[in-house]
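The next block holds one structure in the form of structure tokens; read it before the comments.
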Amino acid sequence: MTDAATRTSTIAQRLDALPLTKRHLRVLTGSGLGWALDAMDVGLISFILAALTVQWSLEPGQAGWIASIGFVGMAIGATLGGLLADRFGRRQVFAATLLIYGLATGASALVGGLAALLVLRFLVGLGLGAELPVASTYVSEFAPARMRGRLIVILEAFWAVGWTAAALIGFFVIPGSDDGWRWAFAIGAVPAAYALIVRWGLPESARWLERRGRTADADAVVRSFEQSAGLPSPDTALTATPAAVATRVRDRLGALWSSEFRVRTASLWIVWFCVNFSYYGAFIWIPSILVSQGFDLVRSFGFTLIITLAQLPGYAVAAWLIEVWGRRLTLSVFLVGSAVSAVFFGTATAEGAIIAAGMALSFFNLGAWGALYAVTPEMYPTSLRATGAGWAAGVGRIASIVAPLTVPVVLAAGGAPTLFVVFAVFFAIAAAVAWGLVDRRGEALDDR
């Protein structure tokens with residue numbers, strides 16, 4: 001009997017038996033490019049907001065809406081993107097999201113007033129909101145079980161790459177002229193074209209193809225990974241009938257709240273809401289808060305750049321711990337660290353203390369994000385995975401809409417110390433609720 005004949009021939013088992021290959025790295029990098037673009041866009045808005053507030057003499061409420069309207073689009077995009085990805089496939093939705101993002105971002109560089117900018121920011125959010133949950137679902141469906149969590153955290157680490165790029169653009173480009181913010185938008189649109197090309201070169205998810213009854217297509221995708229690893233494939237491909245998949249939106253949403261998944265879904269939604277509220281409330285407004293405390297625009301942006309660099313070691317530590325401690329403990333510890341760091345940042349006054357507390361907040365918060373994105377797709381089977389991840393992200397985006405609008409009100413009432421205590425409370429709630437999630441470290445994706 002040949003080695004090929006003795007190998008397990010189910011799609012899931014063949015994927016989990018693979019070593020890390022160049023094909024995996026291509027999937028990770030191609031998806032990570034879109035992730036970095038999302039981060040760069042959100043990061044750029046924090047810098048552009050500080051510049052436009054001065055240049056356009058914006059009221060705090062107007063500035064808040066520039067930040068929040070993109071998250072309105074993200075909330076809608078996340079919920080629709082997940083549903084569409086479960087119905088039509090992961091890759092097609094990837095490409096559509098980047099196309100919408102690229103066109104709207106490029107057009108944002110040409111706007112002449114607040115109303116047009118708000119419309120385009122909504123469209124940008126629509127594209128980017130659909131991208132993140134679909135990307136994490138896609139990568140998780142290719143990743144072997146023993147390293148799945150680590151690869152998803154590495155995918156999330158592309159966020160730090162994008163945010164660092166935004167900080168560099170904010171530091172070197174935006175303050176350079178009155179049109180610096182326009183150039184920032186233009187720069188943000190260029191990589192979308194490259195990412196779109198990369199995405200079209202990626203394979204469709206083999207697990208999704210099998211779930212839709214396209215077993216021959218799924219087998220061909222897995223064989224390409226096995227060839228990349230130098231492993232033999234089964235002599236014959238499996239034949240299968242399509243699995244019973246809920247195709248109506250109402251049925252899929254109802255399944256998220258079935259007795260099997262309702263605790264997971266409730267816990268995910270609460271954690272996503274709390275983490276989004278604190279993260280976007282803090283990091284969108286940090287440059288503007290520093291400016292309001294007397295630091296000039298360039299110095300404020302420089303502080304933010306240094307704080308941003310702490311994201312990368314946060315991801316690195318989370319990527320290691322998530323396969324050592326597991327999902328829930330890693331997520332909870334990083335959320336507690338975020339809560340403590342938020343309190344210290346809100347009360348810091350000296351430059352050194354501001355930078356140190358900001359770096360700690362960046363380290364723990366982005367490590368928590370990595371763990372959250374790793375655990376989310378693991379909560380549901382393939383037929384519901386993108387829908388479940390998308391709706392969790394969509395609920396989180398509601399918080400990211402509310403947070404930037406809430407910040408000016410809380411700042412006026414109690415200043416930065418009160419604001420960051422509020423963020424700390426949300427982090428603490430998320431840390432507690434995270435224990436309602438199921439830890440699937442090392443398990444096959446569709447094991448219930």
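In the range 272-341, which helices (runs of 4 or more DSSP H) lie fully inside it and hold 2 or more residues that are among the small types (G, A, S), within 27 Å of A389 (Cβ to Cβ) and modelled with pLDDT of 85 or more?
The qualifying helices (runs of 4 or more DSSP H) are 311-321.
Let's see how each residue does on (1) within 20 Å of the chain's Cα centre (by Cα); (2) β-branched (V, I, T); (3) closer than 30 Å to G442 by Cβ; (4) surrounded by fewer than 24 Cβ atoms within 10 Å (Cβ to Cβ):
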| residue | (1), (2), (3), (4) |
| --- | --- |
| F277 | yes, no, no, no |
| G281 | yes, no, no, no |
| W285 | yes, no, no, no |
| A310 | yes, no, yes, yes |
| G314 | yes, no, yes, no |
| W320 | yes, no, yes, yes |
| R328 | yes, no, yes, yes |
| A342 | no, no, no, no |
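Of these, V433, V425, which one is buried (at least 17 other Cβ atoms within 10 Å of the Cβ) and either outside any loop (DSSP other than H, G, I, E, B) or touching a residue at least 24 places away in the same chain (Cβ under 8 Å) (or both)?
On inspection, the qualifying residue turns out to be V433.
Going by the structure shown, is E131 surrounded by 21 or more Cβ atoms within 10 Å (Cβ to Cβ) and not hydroxyl-bearing (S, T, Y)?
yes
In the list G358, G370, G346, which residue meets the criterion of being closer than 26 Å to G82 by Cα and either of a type outside the set (G, A, S) or part of a helix (DSSP H, G or I) (or both)?
From the options G358, G370, G346, the qualifying one is G370.
The values are calculated or read from the model by the stated rules, or taken from the named source; none is laboratory data. Please read these numbers as outputs of a predicted model, since none were measured by experiment. Cβ sites come from the backbone with ideal geometry, for glycine too, and all protein chains shown count toward neighbours.
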